[in-house]
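Read the structure below first, then the notes.
The values are calculated or read from the model by the stated rules, or taken from the named source; none is laboratory data. Please read these numbers as outputs of a predicted model, since none were measured by experiment. Here the Cβ positions follow ideal geometry from the backbone for every residue, glycine too, while neighbour counts run over all protein chains shown. Accessible surface is based on the protein model in full, side chains and every heavy atom, while ligands, DNA and RNA are left aside. Shrake-Rupley method; radii C 1.70, N 1.55, O 1.52, S 1.80 Å.
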Amino acid sequence: SLQALPSHSPQRVWQGRDVFFGFGGLFLGFLFISAILVAVVLTTDLDKRQTDSVGLLVTIFWEASFAGVVLALALRRGATLHTLGFRKPERWGPLPILVVASYSILLGYGLVIMLLKELGIDVSWLEGGNQLELIEGESSFPILVTLLIAGIAVTIAAPLAEGLFFRGLGYRALSEIWSPTLAIFVSGLLFGAFHLNLSVLIPFTILGMLLAWGFRASGSIWVPIAGHFTINSVSFT
């Protein structure tokens, strides 16, 4: 029964090739929105703040596109939202565990980077981030608009779309052909690589593994989505 993921074998939903279809849709969507973003930037006279806002809007549409790919594949397989994991969790206990573990990993990773710097090791390639730049003298309204769009992208679009894609499709499909442990590891690695930022590959891979574990341990995709929402909301704030 799908209502007992931790203790029973879940009903088979996906086929192995669905993962490739999913990532194919993700890649094509990325190319499409990148072309739109480049066209907008080249054909309009946008300042940096406006460019940031457009980029964030495009990101939201991209997240929606690959979530749509998963739903289209699910419809083709005759799967419902319930079978994808949108059900009441058997227990919420895994949620605080994965949130605390995630921040422990992020804190530990930051401490390791600091230690390596103190030892004189060049770790600049591991220190990149996705912070929004606040420009001195800039009026508050453009900043608020950008922050509003960023908040929607980070706290709503990302947890829902990435949860559906990497846990609802990625982990579930891989767990149907591999062991749960290997499926958790690979789905986490794909989640880390998805962010296209070498500086966060290691911690985000572990975060992706924790989110996949939360899905399996609770029997519901709402747990990793809630965990992702909590982590992103605190980080964004």
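Over the Cα atoms of the chain, what radius of gyration and what Dmax do you get, in Å?
18.9, 59
Note the angle between two axes, namely the Cα long axis of helix 140-152 and the longest principal axis of the Cα atoms of the chain, as a number of degrees from 0 to 90, rounded to the nearest 10.
Between helix and principal axis, roughly 10 degrees.
Starting from the alpha-carbon convex hull of the stretch 96-237, give the projected area averaged over all orientations, in nm². Walk me through the intermediate numbers first.
Details: hull surface 39.1 nm².
Projected area, direction-averaged: 9.8 nm².
Report, in degrees rounded to the nearest 10, the 0 to 90 angle that the Cα long axis of helix 180-194 makes with the longest principal axis of the chain.
Taking Cα atoms only, the helix is inclined about 20 degrees.
What FRET efficiency would be calculated for the residue pair Ser179, Ile202, taking the C-beta separation as r and a Förster radius of 30 Å, to the nearest 0.05?
Numbers: r = 22 Å, r/R0 = 0.75.
Step by step, r from the Cβ atoms, then E = 0.85.
So for the stretch 47-103, what are the equivalent ellipsoid semi-axes in whole Å, largest first, each being the square root of 5 times an eigenvalue of the Cα gyration tensor? Mind dumping the intermediate values first?
Values: eigenvalues 182, 108, 9 Å².
In descending order, the three semi-axes are 30, 23, 7 Å.
Could you give the accessible area per residue of the chain, probe 1.4 Å, as a whole number in Å²?
53
Give me the extension gain from Phe32 to Ile143: residue separation times 0.36 nm, minus the current Cα-Cα distance, reported in nm with one decimal. Present the calculation step by step, with values, prior to reporting the outcome.
Numbers: separation 111, 0.36 × 111 = 39.96 nm, distance 2.69 nm.
The Phe32-Ile143 span can extend by a further 37.3 nm.
Work out the FRET efficiency for Phe86 and Ile121 from their Cβ-Cβ distance, taking R0 = 35 Å, and round it to the nearest 0.05. Could you put the intermediate results ahead of the total?
Numbers: r = 45 Å, r/R0 = 1.29.
In this case the efficiency is close to 0.20.
What distance in nm lies between label points placed 7 Å from Cα along the C-beta direction at Tyr103 and Gln15?
Roughly 4.5 nm, to one decimal.
Could you tell me which of Gly227, Ala39, Val54 has its Cα farthest along the dipole of the chain towards the positive end, charges placed at Cβ (Lys, Arg +1; Asp, Glu -1), taken about the Cα centre?
The one lying farthest along the dipole's positive direction is Gly227.
Just from its helices, what would the mean residue ellipticity at 222 nm be for the chain, if runs of 4 or more DSSP H residues each count -39500 (n - 2.57) and the sum is divided by every residue, rounded to the nearest 500 deg cm²/dmol?
Values: 10 runs with 157 residues, N = 237.
Result for the chain, helices only: -22000 deg cm²/dmol.
Apply the Karplus curve 6.51 cos²θ - 1.76 cosθ + 1.60, θ = phi - 60°, to the phi angles in the stretch 115-123 and return the couplings in whole Hz, x for Gly and Pro.
5, 4, 5, 5, 7, x, 8, 6, 10
Along the Cα→Cβ direction, 7 angstrom out, place labels at Val40 and Ala72. What is the inter-label distance in nm?
Roughly 2.1 nm, to one decimal.
Leaving ligands, DNA and RNA out of it, report the carbon-plus-sulfur percent of the accessible area of the chain at a 1.4 Å probe. Let's see the in-between values first.
Values: 8950 of 12500 Å².
Its accessible area is 72 percent carbon and sulfur atoms.
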